[in-house]
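The values are calculated or read from the model by the stated rules, or taken from the named source; none is laboratory data. Computed from a prediction, not measured in an experiment: that's the story for all the values here. Here the Cβ positions follow ideal geometry from the backbone for every residue, glycine too, while neighbour counts run over all protein chains shown.
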Amino acid sequence: MSSLLRNFEDVNLDSKEPLEEPQRQYYFMAKCREWVKRKEKELNRPLTFSVVTFGCQMNAKDSEKLAGILEKIGYVPVEGEEADFVVYNTCTVRENANTRVYGRLGHLNNLKRKNPNMMIALCGCMMQEDAVVDKIRKSYRFVDMIFGTHNIFKLAELIDTRLSSRTMIIDIWKDTKLIVEDLPSERKYRFKAGVNIMYGCNNFCSYCIVPYVRGRERSRNPEDIVKEVEELVADGVVEIMLLGQNVNSYGKNLEEPISFAALLARLEEIEGLKRIRFMTSHPKDLSDELIEVMKNSKKICRHLHLPVQSGSTEVLKKMNRNYTKESYLNLAEKIRTAMPDISLTTDIIVGFPGETEEDFLETLEVVEKVRYDSAYTFLYSKRSGTPAAVMENQVEEAVAKERFDRLLKTVQGIAGEMTGRMEGTEEEILVEEINSQDTSLLTGRLSNNSLVHFKGPEDLIGKLVKVKLSQCKGFYYFGELAEG
């Protein structure tokens with residue numbers, strides 16, 4: 001990022017706003033900063049902000065960008081929602097996520113009545129739905145601005161528009177090919193960070209709303225990703241999480257195509273970077289090249305999240321997953337052969353339309369054969385706007401629930417055995433935080449993503465240390481700091 005962008009003193013607010021990004025956004029950040037300074041003088045106190053995140057790690061990463069912009073403008077972060085600027089970064093994977101946001105908006109309305117300086121912004125996946133925007137426009141007139149997933153970078157410009165118009169600002173893009181680099185970001189952790197490598201999704205699984213709200217796949221240039229990671233490492237980051245709806249299809253739409261495996265190999269060379277994670281992998285695109293790169297890597301973590309969703313080829317076809325039960329099992333076997341110590345985790349949906357008892361038993365068979373370290377299990381939830389919502393033979397709730405309970409019992413039994421296989425060994429962990437349940441303990445994470453709780457000094461947070469895994473408690477370990 002150039003010094004011009006970093007230094008607001010160099011932004012000439014008397015000139016016309018730039019047309020090029022990200023210079024245009026820094027112009028509006030500088031303009032809003034002047035307004036914040038005037039407002040602080042008027043109120044004789046700092047202006048505060050709170051970004052509330054719903055949903056996935058992609059949303060969490062977007063929220064870091066929103067927070068970075070607001071801090072550049074001059075707002076001060078606070079916990080809770082009693083702030084001068086509140087952003088809800090929304091999720092819409094399930095309908096009840098929308099209901100939660102509507103419920104909390106009533107609370108924000110009460111807060112805004114007490115604080116007339118308060119501004120409320122709604123963004124994220126939920127805002128990409130026309131029906132949602134119509135409802136907010138009609139029933140929640142106190143909201144100041146609405147924008148979606150494609151123009152997060154425009155926050156400062158939208159604030160400037162709101163300040164000059166004094167009406168609700170709605171700016172929803174249906175899709176975009178634009179990727180704006182070099183924007184501020186406020187990281188949650190100083191020692192680890194998420195890095196977007198691509199946006200959007202081309203898979204159109206029949207149960208999923210994501211492609212409709214996040215748009216088509218678009219990959220960042222590898223040079224920009226490498227530059228961002230190098231800057232993060234220079235700032236103290238030792239672990240990165242590469243983010244994309246389907247990282248295995250990274251690079252296919254670039255002018256000079258590059259594979260995800262080749263990107264990983266380039267990141268491996270960055271001095272000072274200790275750990276590389278990524279998610280999410282789609283089984284249909286996971287290549288032999290990627291397995292080979294992972295096998296030979298000193299930095300890629302021994303954890304792979306590989307969503308299966310169902311063990312039935314018939315159900316997988318209805319889900320539009322583009323692989324079969326057999327091809328998934330072959331892939332899992334290939335991964336385990338190459339990396340016997342790898343931790344495999346997955347997502348499974350129970351009760352998808354048309355799922356029979358035989359289909360469900362095939363899912364149980366996959367779980368028993370692959371032996372996952374953990375699995376995110378979901379009861380199928382009808383999502384309006386997706387093909388699956390109007391499919392025939394919707395499974396009765398009681399039947400789906402009974403299957404779900406059986407699946408959970410199987411998953412948890414196997415996961416407990418898989419997690420416990422490292423008990424008694426000495427392993428390296430990245431120390432992440434003071435334990436939230438017991439402040440006398442620290443919590444760290446193994447390469448395979450398992451959590452370890454142990455006693456140690458607080459200054460170990462952010463460091464890689466050796467810990468003896470003394471006792472496995474099902475899904476996590478208690479450990480002891482290794483001597484020396």
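A few points about this structure:
- Verdict on ASN448 being assigned to a loop (DSSP other than H, G, I, E, B), in the same structural domain as SER470 (by the TED database) and not small (Gly, Ala, Ser): yes
- Where helices (runs of 4 or more DSSP H) fall wholly inside the range 116-224, the ranges with 1 or more residues that are in the same structural domain as CYS91 (by the TED database), at pLDDT 95 or above and within 30 Å of GLU42 (Cα to Cα) are 155-165.
Listed here are the residues, each with its yes/no results for (1) surrounded by fewer than 19 Cβ atoms within 10 Å (Cβ to Cβ); (2) without any contact (Cβ under 8 Å) to a residue 40 or more places away in the chain.
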residue: LEU344; (1), (2): no, no
residue: PHE352; (1), (2): no, no
residue: VAL367; (1), (2): no, no
residue: TYR372; (1), (2): no, no
residue: MET391; (1), (2): yes, no
residue: VAL395; (1), (2): no, no
residue: GLY413; (1), (2): yes, yes
residue: GLY416; (1), (2): yes, no
residue: LEU441; (1), (2): yes, yes
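- Here LYS114 meets each of (1) more than 23 Å from ILE209 (Cβ to Cβ); (2) touching a helix residue (DSSP H, G or I) at 6+ places or on another chain (Cβ under 7 Å); (3) of a type in the set (Lys, Arg) with one exception, condition (2).
- Looking only at residues in the range 357-395 that are under 26 Å from the mean Cα position of the chain (by Cα) and of a type in the set (Phe, Trp, Tyr), the one that is nearest to GLY413 (Cα to Cα) is TYR372.
- Scanning the range 270-322 for residues that are more than 24 Å from MET58 (Cβ to Cβ), touching an Asp or Glu at 6+ places or on another chain (Cβ under 7 Å) and of a type outside the set (S, T, N, Q) turns up GLY311, GLU314, VAL315.
- Residues in the range 323-356 that are more than 25 Å from the chain's Cα centre (by Cα) and among the acidic types (Asp, Glu) were compared, and the one that is farthest from TYR380 (Cα to Cα) is ASP341.
- Those residues of the range 65-110 which are among the acidic types (Asp, Glu) and buried (at least 21 other Cβ atoms within 10 Å of the Cβ), in sequence order: ASP84
- Index of the failed condition, VAL399 passing every other in (1) touching a strand residue (DSSP E or B) at 6+ places or on another chain (Cβ under 7 Å); (2) surrounded by fewer than 20 Cβ atoms within 10 Å (Cβ to Cβ); (3) of a type in the set (A, V, I, L, M): (1)
Here's the yes/no breakdown for (1) in contact (Cβ under 8 Å) with a residue 12 or more places away in the chain; (2) surrounded by 19 or more Cβ atoms within 10 Å (Cβ to Cβ); (3) not small (Gly, Ala, Ser):
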| site | (1), (2), (3) |
| --- | --- |
| ARG187 | yes, no, yes |
| ALA193 | yes, yes, no |
| MET198 | yes, yes, yes |
| ARG214 | yes, yes, yes |
| SER219 | yes, yes, no |
| ASP224 | yes, no, yes |
| LYS227 | no, no, yes |
| GLU231 | no, no, yes |
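- Subset of the range 259-294 (residues that are basic (Lys, Arg) and closer than 18 Å to ASP373 by Cβ): ARG275, ARG277
- Screening the range 464-484 for residues that are touching a residue at least 40 places away in the same chain (Cβ under 8 Å) and part of a loop (DSSP other than H, G, I, E, B) and picking the one that is nearest to GLY272 (Cα to Cα) gives ALA482.
- Pick from the range 123-172, criterion of a type in the set (Ser, Thr, Tyr) and under 21 Å from GLU17 (Cα atoms), ranking: surrounded by the most Cβ atoms within 10 Å (Cβ to Cβ): THR161
- When the test is whether a residue is over 17 Å from CYS301 (Cα atoms) and touching a residue at least 24 places away in the same chain (Cβ under 8 Å), LEU408 passes it.
Yes/no per residue for (1) within 28 Å of the chain's Cα centre (by Cα); (2) of a type in the set (Asp, Glu); (3) surrounded by fewer than 19 Cβ atoms within 10 Å (Cβ to Cβ):
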site: SER15; (1), (2), (3): no, no, yes
site: PRO22; (1), (2), (3): yes, no, yes
site: GLU40; (1), (2), (3): no, yes, yes
site: VAL51; (1), (2), (3): yes, no, no
